[in-house]
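What follows is one structure encoded as structure tokens, with my remarks underneath.
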Ligand code: GLU
């Protein structure tokens, strides 16, 4: 009766009991092998790569078992909230192809039958459970202010005992109805604390999905479950939500490992089935010879957004993460080069229990592989979308020249072993910009990058000779033959063997001739196949570039 009175005093407006809530959240209709997982970020900034990694694991576990993966926003700490975080998180998940079946949408609506998926909209639910705990003597109001807590702490330090609010130190543990009523009439703010039955002398054991068997002391603190503003703490809210939303497996960063005793206690106290837990070590960054955690403030490359801005395709990041999740993915990928990574089954017990190292070079290699499997048109579509947001100069070049750009991007793709030169969309512009006159004309104002062993006069002879013999309808063989002839006429060796046998006899070799033409055409010394470039540029552009090479206004270096 006593507790009933306190419960009524604190929550006069809460009329429901847990059973009413359970009827709104029926168990999910899923086979027992299906996992229900979630990503439960607090909206305190942009998504970091560690979060993205954990999320991919959760998403894969759910979907590979035909279960459900949902997004829940844990926004009960209004002080830490940063505007725009939710949009950032949703946009990042979309970009990286991590599909959530239920959760908040950009439109502001919710998708799914277990909402709201924003904790700030679930206050009435939490209050029902908090009132229920108070009514059953499992929680109580605490009117201690910071001063009181400070005093308790000081005494504990003097006595060299564990600090905190517990046992005999928990001043309001046995508060009576009258005392509580008086405090409330005096307008004293209060929190609600869990009346723990845990003891630090006892240990809980559980099997962590990633870290294996874990043994830690029980929670012996009367933790706060509702703050003075009436909002529940993360600990309480997440337990209620994970239960009502049917979460079977909680995958999260290992900074939460030490909270497991609190969480298990809350699940037990509330009479909820305890989910499986898997705690992932943070992804580490290589700095010189040592490894360290990514820093929120210092490391731009620690955010998911960075990889989007750089233009890594979302699937490259997922493919790379799959390698970190289970190292046998690499073998599987080689055996199944054309399958979606989603056909590979991940296992939490095969994961690295200590922090995986983020290896940029490996990511680049994987991403090159991913992009090499795309058609020129697919690369174009990605580049178009990406450049619109992140490189307006490139966007305007390719927007004006759509078909031409697709042809450019098709170079070297129609083979069994396609080119692997781009790891991200920001790699593309430096490699293809020369194709566009707007860009090329500006570039050559700074001079042509001719090979040093060929004088300008000779280079001009080569370009002139080439212009005369060039026929755009020549096929590769004839085209190359004509170039060889030209080389011979101008005193260059027609092939390397000839040249090597008698170098003094020649001005240079066929390679030098081709290089001069390459430079006149592109002002680059390293390009894809020259013949392919000319085919894509077409006769008019090829000849106009040759002409430009002689242009008065253009200085050659
Ligand atoms: N909201 C918590 C966070 O920000 C979620 C922890 C959990 O997954 O239980 O990381």
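Every number here is computed from the coordinates shown, using simple stated rules; none is lab data. Just so you know, these numbers come straight off a predicted model, no measurement behind them. All Cβ positions, glycine included, derive from the backbone under ideal geometry; neighbour counts span all protein chains shown.
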| Hey, fewest Cβ within 10 Å first, where do 173, 545, 471, 122 land in order? | 471, 173, 122, 545
| task | Jot down the per residue volume, in cubic angstrom and as a whole number, of the convex hull over the alpha-carbon atoms of segment 415-482. | result | 180 Å³
| query | Cα centroid distance between segment 151-205 and segment 280-334, in Å? | reply | 43 Å
| note | Fewest-first ordering of 424, 350 by Cβ atoms within 10 Å yields 350, 424
| note | At R0 = 22 Å the Cβ-Cβ FRET efficiency linking residue 476 and residue 410, nearest 0.05, sits at 0.85
| request: Would you mind pulling out the separation of the Cα centroids of segment 49-77 and segment 212-276, in Å? | output: 17 Å
| task | List 425, 169 from most exposed to least, where exposure is judged by having the fewest other Cβ atoms within 10 Å. | result | 169, 425
| request: For segment 249-299, go through all pairs of different Cα atoms, get the mean of 1/r, take its inverse, and jot down that Kirkwood value in Å. | output: 13.2 Å
| Based on the Cα atoms of segment 127-275, what semi-axes does the equivalent ellipsoid have, where each is the square root of 5 times one gyration tensor eigenvalue, given in whole Å with the largest first? | 28, 20, 12
| task | Using only C-alpha atoms and all pairs of different ones, pull out the Kirkwood radius for segment 270-381 in Å with one decimal. | result | 16.1 Å
| field | Sum of -39500 (n - 2.57) over DSSP H runs of 4+, divided by residues of the chain (222 nm, nearest 500) | value | -13500 deg cm²/dmol
| task | Compute the acute angle (0 to 90°) between the alpha-carbon long axis of helix 260-269 and the principal axis of greatest extent of the alpha-carbon atoms of the chain; round to the nearest 10°. | result | 50 degrees
| Rounded if a/c under 1.5, otherwise prolate or oblate - segment 375-500, Cα gyration tensor axes | prolate
| Once the Cα atoms of helix 360-372 and of the chain are each reduced to a long axis, what angle between those two axes, in degrees from 0 to 90 to the nearest 10, is obtained? | 60 degrees
| task | Classify segment 1-134 as rounded, prolate or oblate, taking a ≥ b ≥ c as the square roots of the eigenvalues of its Cα gyration tensor: rounded when a/c is under 1.5, otherwise prolate if a/b is larger than b/c and oblate if not. | result | oblate
| field | Cα gyration tensor, the chain - rounded (a/c under 1.5), prolate or oblate | value | prolate
| query | Once the principal axes of the Cα atoms of segment 445-503 are found, what is the range along each, listed largest first in whole angstroms? | reply | 34, 33, 16
| said: Ranking request for peptides 92-99, 129-136: highest mean number of other beta-carbon atoms within 10 Å first, then the rest in descending order. | reply: 129-136, 92-99
| remark: In Å, the Kirkwood hydrodynamic radius from C-alpha pairs for segment 268-335 sits at 15.3 Å
